[in-house]
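Engineer: Structure in structure tokens, see below.
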Amino acid sequence: MASGPSALTRLHGHLHETRLLGSISSALYYDQNTVMPAAGAAWRGEQLALLAAQMHARQSSAAYADLVAAAEVELGADAPPQRRRNLQLLRLELGRQRCLDPALVSALARAQSRGNAVWQDARARNDFAAFAPALKELITLRRQQASQLAAAEPVARSPWEVLAQPFEPDISKARLEELFIPLKTDLPALLERVASAVAVPSEPSAALPEALQEQLCAELLASWGYNAERCQRSRSAHPFSCTVGPQDFRITTRVVPGQPLSAFLATAHEWGHSLYEQGLPRGDDHWFPWPLGEATSMGVHESQSLFWECRVARSRAFAERWHARFGAALGSDPWGGTLGFWRALNPLRPGLIRVEADELSYCLHIVLRYELELALLEQDLPVEELPQQWNRRMGELLGLTPTTDRDGCLQDIHWAEGLFGYFPSYALGHLISAQVAETLERTLGPIEALIAAGDESSLRAWLGQSVWPLGRSVNGEQLVEQVTGRPLSAEPFLAYLRGKVASLTGMATP
């Protein structure tokens, strides 16, 4: 009698169908944030809740648990490390999913969709009071989720730490404090030095028409390997990257009135995310259902987007190459030469909006959000007090006070979708990017020289060989140590900033 499919084959089939459901959810999310009419929000919430319930059932069922167990037996102790790691990650996620109440899973999906829709309207009208009930509901549900998931965690974790695990595996508040203390100590002092530097001019006004901004964004993507058969760029209220399938990669950008370079830099940023997704070990779909074909952490993900935005698109060599193109498209040079254009790409002064922030102040924006998340989730900060606390802490960290909640606590989409635990990954991304860039330069030479030669393909090839193929074989900090040979530290990032400030302002490096 012929034997049936192996346990690994049957497990692969199960994971493939689960991934299909997840990709349908991703497509609906992309649609919701790009072209869906506002009146469709309630029905979209029901759609996403149904899919979330079905995926949870598949990931927590007794039949699936039996499949994982059979695959572990079939694989044996002498299996290749990659296969053992895949099953280890599946076993961990199975334990987490089996701790969750299906009713909570559905309620969260509906609340996330509703929160997204309410936030978009409240932000447009600058009406935090209209958003507050949705935020309260999401905090309550996420606390319940953290309480349920805690039983599956291999070590004791606080509610915030539990919620942060999907974004940054193995992260702890203690480790973040170690990494953030140098940022909170050194960045304000560096900002003060820059503020006193007379060599930094105010950014000149450059009214780039919207169509021209779109054209320049398209030219940037084309020069960095954009393939219209596999990729799509749209507009959304908040820029993001989204992978719908192994050959379907989406990004969004937005044009910001009064900020003519915003869309260009956001495109560079989101394309960096997409390049990482395209470089993960998925092959011909063999890896797509398996954990190793996923990003290891959002910190690593952000390191890739920040590398392309900050180390490449904001570099002096890149400004020298693109200045003439901007000027030709505009028909004038409002920047007064290449140096002015480079400084416009790197304003180096604190602003209210995180996604428009310069490299000096960006991590302080993250510290603000991280500390407020802890206050909301673990220290019983009333939601009604969030605008006041946001404004107070913004003043302490950056010396700025928002005049509207639209420019304050309503500016980010993350809390509107209940994504507590996500924000620190942005700061970790800066640290990882700087440390990985140091290692890249020891191998390839100065990044500026490669960019000046128009050789961004060498940067992409090195990352595609050294970083992207690792997938989830290691966590974020393990990846850094494996690639760079050193534990993650804030010092490479701070050293990079000190050097850039010196170049932009003519000040001696402190």
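The values are calculated or read from the model by the stated rules, or taken from the named source; none is laboratory data. Computed from a prediction, not measured in an experiment: that's the story for all the values here. FYI the Cβ positions are ideal-geometry reconstructions off the backbone, even for glycines, and counts take in every protein chain you see.
Engineer: Looking at Leu376, Leu330 in this structure, which one is at pLDDT below 90 and farther than 18 Å from Val194 by Cα?
Structural biologist: Unique residue meeting the criteria: Leu330.
Engineer: I've got another one for you. Quick one: how many residues across segment 51-77 are in contact (Cβ under 8 Å) with a residue 40 or more places away in the chain and surrounded by 12 or more Cβ atoms within 10 Å (Cβ to Cβ)?
Structural biologist: Selection size over segment 51-77: 15.
Engineer: How many of the residues making up segment 461-492 are surrounded by fewer than 17 Cβ atoms within 10 Å (Cβ to Cβ) and basic (Lys, Arg)?
Structural biologist: 1
Engineer: Restricting to segment 1-40, what's the tally of residues that are within 24 Å of the chain's Cα centre (by Cα), of a type in the set (A, V, I, L, M, F, W, C) and either assigned to a helix (DSSP H, G or I) or not assigned by TED's automatic domain parsing to the domain that holds Gly76 (or both)?
Structural biologist: Residues that pass the stated criteria total 5.
Engineer: Right, another one. Would you mind stating whether Ala324 is under 26 Å from Gly506 (Cα atoms) and touching a residue at least 12 places away in the same chain (Cβ under 8 Å)?
Structural biologist: no
Engineer: What's the total number of residues in segment 402-446 that are in contact with a Phe, Trp or Tyr (Cβ under 9 Å, 6 or more places away or on another chain), farther than 30 Å from Gln482 by Cα and not charged (D, E, K, R)?
Structural biologist: 8
Engineer: May I pose another question? Of Arg250, Arg230, which residue is of a type in the set (Lys, Arg), buried (at least 18 other Cβ atoms within 10 Å of the Cβ) and farther than 30 Å from Val68 by Cα?
Structural biologist: Being of a type in the set (Lys, Arg), buried (at least 18 other Cβ atoms within 10 Å of the Cβ) and farther than 30 Å from Val68 by Cα holds for just one of Arg250, Arg230, which is Arg250.
Engineer: Those residues that are acidic (Asp, Glu) and outside any helix (DSSP H, G or I), I need them from segment 166-198; list them, please.
Structural biologist: Glu168, Asp170
Engineer: Going by the conditions given, is Thr267 in the same structural domain as His430 (by TED's automatic domain parsing), closer than 18 Å to Gln32 by Cβ, in contact with a strand residue (DSSP E or B) (Cβ under 7 Å, 6 or more places away or on another chain) and not acidic (Asp, Glu)?
Structural biologist: Judged against the criteria, Thr267 is not a match.
Engineer: Kindly indicate whether any position in segment 198-221 is touching a Phe, Trp or Tyr at 6+ places or on another chain (Cβ under 9 Å) and farther than 23 Å from Trp342 by Cβ.
Structural biologist: For segment 198-221, residues touching a Phe, Trp or Tyr at 6+ places or on another chain (Cβ under 9 Å) and farther than 23 Å from Trp342 by Cβ: absent.
Engineer: In segment 369-412, which residues are closer than 15 Å to Ala132 by Cβ, touching a residue at least 40 places away in the same chain (Cβ under 8 Å) and not in a loop (DSSP other than H, G, I, E, B)?
Structural biologist: Leu376, Val383, Glu384, Leu386, Pro387
Quick grid of which residues meet (1) more than 27 Å from Trp160 (Cα to Cα); (2) of a type in the set (A, V, I, L, M):
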position	(1), (2)
Gln388	no, no
Asn391	no, no
Thr404	yes, no
Trp415	no, no
Phe423	no, no
Ala452	yes, yes
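Engineer: Can you report the number of residues in segment 289-323 which are over 24 Å from Glu441 (Cβ atoms) and out of contact with any helix residue (DSSP H, G or I) (no Cβ under 6 Å at 6 or more places or on another chain)?
Structural biologist: Number satisfying all stated conditions: 2.
Engineer: When you go through (1) buried (at least 18 other Cβ atoms within 10 Å of the Cβ); (2) among the aliphatic types (A, V, I, L, M); (3) in a helix (DSSP H, G or I) one by one for Leu352, which number turns out not to apply?
Structural biologist: Here Leu352 meets the rest and fails (3).
Engineer: Filter segment 91-127 down to residues that are touching a helix residue (DSSP H, G or I) at 6+ places or on another chain (Cβ under 6 Å) and not in a helix (DSSP H, G or I) and give me whichever is surrounded by the fewest Cβ atoms within 10 Å (Cβ to Cβ).
Structural biologist: My answer is Cys99.
Engineer: Do we have Glu93 as free of Cβ contacts under 8 Å to residues at least 40 places away in the same chain and of a type outside the set (Ser, Thr, Tyr) here?
Structural biologist: So Glu93 fails the test.
Every residue, every condition in (1) under 23 Å from Leu280 (Cβ atoms); (2) of a type in the set (S, T, N, Q), yes or no:
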| residue | (1), (2) |
| --- | --- |
| Gly445 | no, no |
| Gly454 | no, no |
| Ser457 | yes, yes |
| Pro469 | yes, no |
| Gly476 | yes, no |
| Val480 | yes, no |
| Phe493 | no, no |
| Ser503 | no, yes |
| Gly506 | no, no |
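Engineer: Just the residues that are within 25 Å of Asp170 (Cβ to Cβ), in a helix (DSSP H, G or I) and hydrophobic (A, V, I, L, M, F, W, C), please, taken from segment 60-90.
Structural biologist: Within segment 60-90, Ala65, Val68, Ala69, Ala71, Leu75, Leu87, Leu89, Leu90 meet the criteria.
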